[in-house]
Structures are given as C-alpha cells and as structure tokens.
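First comes the structure, then the notes that go with it.
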Amino acid sequence: MLVRRILLSFPVVAVWLIHATPARSDDVKRHEIGQVLLEDVPEVPAALRERMNQFLNVRAAGLLDFDDTGEKLLISTRFGNTNQLHLVTQPGGARRQLTFFDEPVRGAAFVPGTNARRILYSMDRGGSENNQIYLLDLADGGSTMLTDGASKNDRLTVARNGKRFAFCSTARNGRDYDIYIADAADPKPRRVWDVSGMFAPIDFSADGSKLTVLEYISEKVSRLHLFDVAVSKASAVSPPDHQFAYSGGAFSADGKHLFFTSDRDGQFHVLYRRDLAGGTDAAITPDLPWDVESIAVSPAGNFVAFTTNEDGQSKLYLMKPDATRYDPVTSVPMGLIGGLQFSHDGRRLGFTLNTPSSPGDVYVFTPADGKLTRWTESEIGGLNPDRFVTPTRIAYPTFDEVGGKPRMIPAYYYKPKGSGPFPVVISIHGGPEAQYQPSFSSVFQFWAAELGFAVVAPNVRGSTGYGRDYHMLDDGMKREDSVRDIGALLDWIEKQADLDSRRVAVYGGSYGGYMVLACLTNYPGRIKAGVDIVGIASFITFLEKTAPYRQDLRRAEYGDERDPEMRAFFQRISPLNNADKITAALYVQHGANDPRVPAYEAEQIVQTMRKQGRTVWYMLARDEGHGFAKKENRDLAILTATMFLEDQLKQ
C-alpha cells in the first residue's frame, strides 16, 4: 500500500462556469482551434511547430498497481490524446491498452483475487475534477459507473484481500468529503461516516476490518483517524488538539502496527511506528533532516519502504517491519519517485522514477538480490538525451536574515550551453504548499537547448520540503514576502554575467499564476513578459467563487476574506487592483471548467489589461479545467506560450 504525504494533490473541485466565454470586443482578434478560443494570439508559425514537434511528443509512464502474481503491471501512459490504462507483462514488453476514452483516466487499481480481470478506476469530464468511480470488467471490456455521476469522488482505496474498497465523496451536501465503502462482490457504495471537512481513506488493514482516514485541514494541520468498518465508528490516532501535520497511516501486514509521519516534534515529517494495542509511538527517522514523503508496507510482512524528499530529490529506504534499522537503496538513481508499492508476495517493490534528463518510467526493485529492473522505456521524441540540460541547484540571498545571515532561497537553474548573456524565464510553482522538484520537462529542455533561454525555478518562502518554519513564512499578511523573494532573484540575475537582466519573463500556474501577476505589478520595468496559467487575479473573488468545500482549505492558507482587516489587505495586494502598474506583456491561459481557480479570474485580468491598452493574449480551453490534460490543448498552450516568450525576449 502506498501512502503519500501531500494529500492536497488529490483534487478538490467546484464547477464555476460564470463568464467562461469572454465578453466580446470589436478590436479583439479571435479564432478557434477545436475546443480552444484564442484572443489576440497569432497563428503558430509552421517552423516553430516543426521545431518543437519532437519535444511535444515526449511521453511518460507511471505505475498504478501489481496484479495478484506480481508479474503483471497496471500502468498509465499516453499513445493518443490522453493518459489511459495499459497492461505490461514483462520488462520492456508491449503495453496493452485497456481503456480508450477521450478523457484521461486519473487513477486505477486491480481488484485483488480476480486474476487481473477487474479494475477500479476514476475519471472526470472536461477537467471538472468531478471524478466518478468505475468498474472495468476485462471479460467483456465493459465499464460500470459506481458513483452518482455528479459528485466529487476521490482517494479510491482497495483492501488487500479484495473484499471491499473505500473512497471519499461530496455526494451528501456538495461540501464535505464523507467516507464511503463498497463490497467488491456487490459494489454498491454506502456512506459509512458523515464528516465535516475534507476526509480521505488511506489504507485498509489486511483483513479489511479497519481503515485509516486522514482529516485534511491544511498542509500545516491534519489528523489521522482509525475507522472500524464493522461498527462504523472512528477513533483518533493523532491528538485532536494537535496543531501539526500528520500523514501516512499504513498498516503493518499483521495489523498490529501503523506507520505514519508527522512534523509534531520538529521541522520535518518524521516516520513513526504506532503500537495499536498499547498506543505508544516509536520515532524511526528523527535524525533525517528531510521530510518522509511516502510509505509502502509489504503485504507479506517482510519489508517496509519509504522515500524522503532530500532537497527536491527522492531517496528510497528499505527496512524490516520491526523498524530497528533502515538502509538506503543505492541502486536507484536520484530523481523523483512516485507510486511506491510492493507486490502481494513482497518480493518486488515497484515505483515510477522521473529524472531531469528522462521522463517518468516504471521500475521494479527486488530486495532479495538488490536488482533494479526498468519495465518501461518511454519515448523522448527521437531526441538526443546528451543535449538535455541538467539543472544546477543554487541558492540566492533575499531581503531578511536567519541567525544574523541573509536567508538563502533555494532554486534550480537550467543554464543553456554557451557564454550568454541569456534571457531568463523565472518559473514559479503553484500550491503555494508545494515545491519545485527537478523532474523532466520537455518545455524547459526546448527553451534551454533550442532557444537559449535560461530557466530558474525558485522555491520561495512558503514552499514545502524545507521545514515547517520556512513553509509558514508566507501565511496570511506575510503573503507578499514570497513576491519579495522574486525581487531578490531579479537582483541576483543582475549580478550574473551570463544572464541578461533586461530580458526576463515570469511563468507560472495556479498560485504560480498569481505570483506572475504579483511580480508584474511589483516590479514594472524589470520584467518584460508574464505567462499566467490558471492563476488568481483577486484573492477576494477567488475565495468567494471557489467551491464551498475548497473555501475553508484556502482560507487556512491565504486568510479569510470575510474578515474586514484581511479583506482590506487582499484589496491592497491583489494584482487586479494594481493592474495599472503592469507595463509588461501578458499571456493568460485558462480552462473554462476550472474547479479550483474559476475562469472568472482570467477574464477579469484580461479585460482590465485591455482597458489600459496593454498587450494581452488570452487562451480559453472549453474542455479543460485546472490545466491542460488533453495533448492537443496542452501542445497548443506550450506552442503559443513559447511563441509569446520568444517574441517578447528577443533582442
């Protein structure tokens, strides 16, 4: 069973289609490509499309599950327009496609005991993130929807004995994530725990009688519960009054212990082992100065695996279930590890590995002989990997101090070959409870290798991965301090002989889109262009219009817009209210069905920029949500953003 630390990655949604089609203006040049509306966006030159074609056709594969024998792997990859389910039966073997939908399949698992003939999976429509749960029967290839077709259903969790599965759903009131359980033999979901807030199932005990559930309040505060399936009663694993983050919740094979993580005793998420009978906890990794991010327990009871986030890179460890010792797995190269899980017999440990120079692929590690086997080898568009740029980890000083010395902001720097001075694209991650980790990016590779753009990806204050205190430095009314960290990066760029501080652009999505707009308003004249992807233009309208079940989660991070003092602060800092300061060109991209940041945010900043006579491009994908999941739309977004940046950053 895989248990990952960062729960907010599981989708949370609303359906806000207000103003999904922009108001018309006679001087706006519009054209449509498929489901995408483009305003004042020129046609992509054939030369650029041909030049980027190989980079746009890089693909990846991700591990979803082992079958009962451990010899068949369920994976996700794309051969058409969206990610679909595939079956692989040997290392390097053919990928047999199992689903053929227009929409991407977002998660799946075999039903144990069915000889890999039945698969549970989730899928939404048009990027709405209203995921529905389906049962695929490979005997006839037919799928049956098990949920109501309208609500939000997430965190599909299947018991190891194959008798039942659980998920969370907003079906009751559209706001709270209640817990549902269904029997595999008769998969009619029943609501077993009515809750208030966001709750998600994590792991069943081996016999399926107990279920761990995570209550997510914010990235900084979360709680663990133990749910007794037979009596439909929950008990607290973490103290109810603890204002710390808990995660994990994986049962030992014998059901006597629970493995979880928490930052309750310091800056980082430590791995603990709970004795369920005695209620005592043993700290396993108190000396590791990094977060434990994922945990996998072998169903056979022979091993426990976990990964740490070490300065943005994953490190894999293996230990016996008694937790007396853990050792690093040295045969796994540094990169980003996901999908960590054991086969049912405990002889194989599978995961997805992504590195800065190679897209995600599926690997299997066998503890008995220490052998690492690559099961998939995804295409890189025929490109020569020797030309790829490996980012360098850097740090630059910012405006405040720690211990009498300047605070250093970590970042990754993709430097083109040659002597420069290079134009710079600052890529700002979303979240903000997230971290830029150097995974493979065909876009960054194209910009650096083909266009000669330097790319700098900072982890400004508020990012995760660097301790609890660093994570909390941008809370509430400290929001603009993270923007000041970008100002300090601009100062650093000015001092680098190989970088051209006169040609700088900012690029980011979601919260990163807000940061793009905030940087344009705070540093006019120092930034030539910005690309805002599904970003926030006004915190007030964002918090008022995002889904009811998202509002309290976002208020915990940003502040409550209903509080007069906080509302006045939002009015002062929101980019929409400071758009008159923007002198740079702007490109805004959004999905009409975005459930997290409504498309209204895009429309209002675009309209405001137009009224001021500023250069603004706009792309609205009618069949997408918070980002671009369909290849044809994603390709168009990347091509037009590249065209925009190339035009704005030319000499």
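The values are calculated or read from the model by the stated rules, or taken from the named source; none is laboratory data. Remember, predicted model here, so these are calculated numbers, not experimental data. Heads up, the Cβs are rebuilt from the backbone with ideal geometry, glycines too, and the neighbour counts pull from every protein chain shown.
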- request: Among the strands (runs of 3 or more DSSP E) lying completely within the stretch 318-432, list those that include at least 3 residues that are buried (at least 20 other Cβ atoms within 10 Å of the Cβ) and either in contact with a Leu (Cβ under 9 Å, 6 or more places away or on another chain) or in contact (Cβ under 8 Å) with a residue 60 or more places away in the chain (or both).
  value: 336-342, 349-355, 358-366, 405-414, 422-428
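Yes/no matrix, rows are residues, columns are (1) within 22 Å of H429 (Cβ to Cβ); (2) not polar (S, T, N, Q):
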residue: V534; (1), (2): yes, yes
residue: P548; (1), (2): no, yes
residue: Q551; (1), (2): no, no
residue: Y558; (1), (2): yes, yes
residue: Q571; (1), (2): no, no
residue: P598; (1), (2): yes, yes
residue: R610; (1), (2): no, yes
residue: R614; (1), (2): no, yes
residue: E632; (1), (2): no, yes
query: Do we have any residue at all in the stretch 474-490 that's closer than 23 Å to P359 by Cβ, among the hydrophobic types (A, V, I, L, M, F, W, C) and buried (at least 22 other Cβ atoms within 10 Å of the Cβ)?
result: no
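Restricting the search to the stretch 175-201, which residues are in contact with a helix residue (DSSP H, G or I) (Cβ under 9 Å, 6 or more places away or on another chain) and either within 30 Å of D137 (Cα to Cα) or aliphatic (A, V, I, L, M) (or both)? Before you say what the answer is, go through the steps one by one.
As a first pass, look at the stretch 175-201 and keep what is in contact with a helix residue (DSSP H, G or I) (Cβ under 9 Å, 6 or more places away or on another chain): 175-177, 197-198, 200.
Within the stretch 175-201, Y177, M198, A200 qualify.
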task: Would you check if D345 is more than 17 Å from L73 (Cβ to Cβ), at pLDDT 95 or above and acidic (D, E)?
output: no
statement: Note on the stretch 473-493: residues assigned to a loop (DSSP other than H, G, I, E, B), in contact (Cβ under 8 Å) with a residue 60 or more places away in the chain and within 17 Å of E401 (Cβ to Cβ) are none
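Taking only the stretch 55-74 into account, find how many residues are over 24 Å from E624 (Cβ atoms) and either assigned to a strand (DSSP E or B) or touching a helix residue (DSSP H, G or I) at 6+ places or on another chain (Cβ under 9 Å) (or both).
Residues of the stretch 55-74 over 24 Å from E624 (Cβ atoms): 63, 65-74.
Keeping just the survivors that are either assigned to a strand (DSSP E or B) or touching a helix residue (DSSP H, G or I) at 6+ places or on another chain (Cβ under 9 Å) (or both) gives 63, 65-66, 73-74.
Residues that pass the stated criteria total 5.
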message: Looking only at the stretch 112-142, filter to residues that are among the hydroxyl-bearing types (S, T, Y) and touching a residue at least 24 places away in the same chain (Cβ under 8 Å); which one of those is farthest from S343 (Cα to Cα)?
response: S128
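Among the residues of the stretch 260-271, are any outside any loop (DSSP other than H, G, I, E, B) and aromatic (F, W, Y)?
So the first thing to find is which residues in the stretch 260-271 are outside any loop (DSSP other than H, G, I, E, B), and the list is 260-262, 270-271.
From the residues that got through so far, the ones that are aromatic (F, W, Y) too are 260.
For the stretch 260-271, residues outside any loop (DSSP other than H, G, I, E, B) and aromatic (F, W, Y): present.
Give A518, A505 a once-over and let me know the one that is modelled with pLDDT of 95 or more, within 28 Å of the chain's Cα centre (by Cα) and within 27 Å of G420 (Cα to Cα). Break it down into steps so the answer makes sense when it comes.
Values: A518 fails: within 27 Å of G420 (Cα to Cα).
Testing whether each residue is modelled with pLDDT of 95 or more, within 28 Å of the chain's Cα centre (by Cα) and within 27 Å of G420 (Cα to Cα) leaves just A505.
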query: Of the numbered conditions (1) surrounded by fewer than 20 Cβ atoms within 10 Å (Cβ to Cβ); (2) closer than 22 Å to G382 by Cα; (3) touching a Phe, Trp or Tyr at 6+ places or on another chain (Cβ under 7 Å), D40 satisfies every one except a single condition; which is it?
result: (2)
query: Within the stretch 195-206, can one find any residue that is closer than 30 Å to D474 by Cα, of a type outside the set (G, A, S), in a loop (DSSP other than H, G, I, E, B) and within 24 Å of the chain's Cα centre (by Cα)?
result: no
message: Looking at the stretch 179-204 only, could you name the residues that are surrounded by 16 or more Cβ atoms within 10 Å (Cβ to Cβ), out of contact with any Pro (no Cβ under 9 Å at 6 or more places or on another chain), more than 20 Å from T546 (Cβ to Cβ) and not β-branched (V, I, T)?
response: P187, P189, W193, P201, D203, F204
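Do we have any residue at all in the stretch 115-127 that's of a type in the set (K, R), surrounded by fewer than 16 Cβ atoms within 10 Å (Cβ to Cβ), modelled with pLDDT of 95 or more and not assigned by TED's automatic domain parsing to the domain that holds F628? Give the steps one after another, and end with the answer.
Residues of the stretch 115-127 that are of a type in the set (K, R), as a first pass: 117-118, 125.
Within this subset, residues satisfying the condition of being surrounded by fewer than 16 Cβ atoms within 10 Å (Cβ to Cβ) are 117.
Remaining after also requiring modelled with pLDDT of 95 or more: 117.
Retained after the next criterion (residues that are not assigned by TED's automatic domain parsing to the domain that holds F628): 117.
Yes, because at least one residue in the stretch 115-127 is of a type in the set (K, R), surrounded by fewer than 16 Cβ atoms within 10 Å (Cβ to Cβ), modelled with pLDDT of 95 or more and not assigned by TED's automatic domain parsing to the domain that holds F628.
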- prompt: Is the stretch 577-594 home to any residue that is in a helix (DSSP H, G or I), under 26 Å from the mean Cα position of the chain (by Cα) and not β-branched (V, I, T)?
  reply: no
Residue ID - modelled with the lowest pLDDT, chosen from residues in the stretch 532-566 that are within 19 Å of R484 (Cα to Cα) and either in a helix (DSSP H, G or I) or not small (G, A, S) (or both): E557
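Of the residues in the stretch 272-313, how many are part of a strand (DSSP E or B) and of a type in the set (F, W, Y)?
Our first condition is that a residue be part of a strand (DSSP E or B); within the stretch 272-313, this holds for 272-275, 281-283, 291-297, 304-310, 313.
Among the residues that remain, those that are also of a type in the set (F, W, Y) are: 272, 306.
So the answer is 2.
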